[in-house]
Structure formats: C-alpha cells, structure tokens
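Please treat every number below as a calculation from the coordinates, not as lab data. From a predicted model like this one, the values you see are computed outputs, not experimental measurements. A quick note on method: Cβ atoms are made from the backbone with ideal geometry, for glycine too, and the neighbour counts reach across all protein chains shown.
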Amino acid sequence: MQWVSVAAAAVLLLGKGTSIHKSFLVPLFVLQAPTPIISWIKSEYGLWTAFLVLAVHLFLPFPDELELPLSTMLAVSIAAY
C-alpha cells in the first residue's frame with residue numbers, strides 16, 4: 001500500500017491541472033515513502049541527482065512546480081535517519 005500511495009503522490013506532483021496543492025503532496029510523499037526510496041535518496045546516487053538538478057537549475061529555467069520536490073529531496077538527503 002505504501003508503494004501505491006507514493007506512486008499516486010508522484011503522479012499528482014508531476015501532473016498538470018490537478019486541484020490538489022503541491023505543498024500537501026510533498027510531505028505525503030516523504031512520510032509514506034518506503035525504506036528503499038529513502039535509502040536511495042540518502043545514498044550517493046541521490047546526492048548526485050540532487051547536485052545535477054541544482055546545476056541544471058542554475059543555467060536553465062525550471063518549472064515552479066518542481067521547486068518543492070527538489071528542496072524536499074535535498075532535505076531528506078541530508079537529514080538523519
């Protein structure tokens with residue numbers, strides 16, 4: 001059930017025209033995420049992904065709806081277990 005709720009939150013985050021605010025979905029995504037997703041975000045791959053997204057964000061325009069997921073990924077990657 002965790003995987004279903006995480007997948008649904010991810011689809012709603014990336015979908016356009018939804019009536020649900022993104023600020024409600026990001027905490028739901030992080031709190032319901034299974035352990036493998038959190039451990040991937042906290043691993044080297046997650047840190048490199050966050051670094052590359054920040055580098056791209058510096059040079060290219062970035063959609064506003066992806067600001068909150070990026071900041072959440074950074075917060076999860078540096079937070080303690």
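Assorted remarks:
- Estimated 222 nm signal from helices in the chain, with DSSP H stretches of n ≥ 4 weighted -39500 (n - 2.57), rounded to 500: -23000 deg cm²/dmol
- When the trypsin sites (Lys or Arg not before Pro) in segment 2-75 are filtered for DSSP coil states and for at most 12 other beta-carbon atoms within 10 Å of their beta-carbon, the remaining sites are Lys16.
- Mean Cα-pair separation over length for the chain, i.e. relative contact order, pairs under 8 Å, 6 or more apart, %: 34
- Rounded Å value of the spacing that divides the Cα centres of segment 36-81 and segment 1-23: 17
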